[in-house]
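Just below is one structure, and these are the notes that go with it.
The values are calculated or read from the model by the stated rules, or taken from the named source; none is laboratory data. Because the structure is predicted, anything quoted here is derived from the model rather than measured. So basically every Cβ, Gly included, is an ideal-geometry build from the backbone, and we count neighbours across all protein chains shown.
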Amino acid sequence: MEIYIVKIIKVGEAAKILGVNIATLRIWEKTDELLPFRKSKKGTRYYDLDQLLRRDTSLHISKKTIGYARVSTREQKEDLLRQKQLLELFCVKHGWTYEILSDIGSGINYNKKGLYNLLDLLLSDEIERLVIVHKDRLLRFGSELIFTICELKNIEVIMINQGNSISFEEELTKDVLEIITVFSARLYGSRSHKTKKLIDTLKGGEDLLAK
């Protein structure tokens, strides 16, 4: 008589083996796509390790969803946290396997770690969708290029809020100020009187817009 020894593992370990999050396993349980081996009286779910390793190849394992959040300055860290929380809640609600990338930097600065990692993942054929809170959270100029990459790679792009963010005018002003500052420094020199005078004038206009 053959004896079959069941090795059971908790839900967290099962999620890691399948490459999904725990919320996805809950959804699969409700839809009978993947049922736990047993549940404790307190509701803890346990899975048969061998069953997971021999799982039906027809079981749908979604590609990863990437959420991307960005703010321009460190003073906006609270806004960055809100964006990340919103992205996480949105992904969990839909049962997606997700990863959140974020940056602190200008919308016209392409040299950001989070953005670089995002582009690397978009080109890796491992991504199913990209989720952002606002279009301007991606890039101020050039977001259409990333959207084109997503289209060519059959990656869905979801913008939770189709309108502009609350700080759109303020951040746009800062981005324009940064562009003018860079070109002025190259034209007159970073320490020249003309450059400093121009920057002071632009900052004065920025303050007026903020009021």
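Worth pointing out:
- Residue within the stretch 92-99 that is hydroxyl-bearing (S, T, Y) and surrounded by 14 or more Cβ atoms within 10 Å (Cβ to Cβ) present: yes
- Residue within the stretch 72-84 that is under 16 Å from I158 (Cα atoms), at pLDDT 90 or above and either touching a His at 6+ places or on another chain (Cβ under 7 Å) or in a helix (DSSP H, G or I) (or both) present: yes
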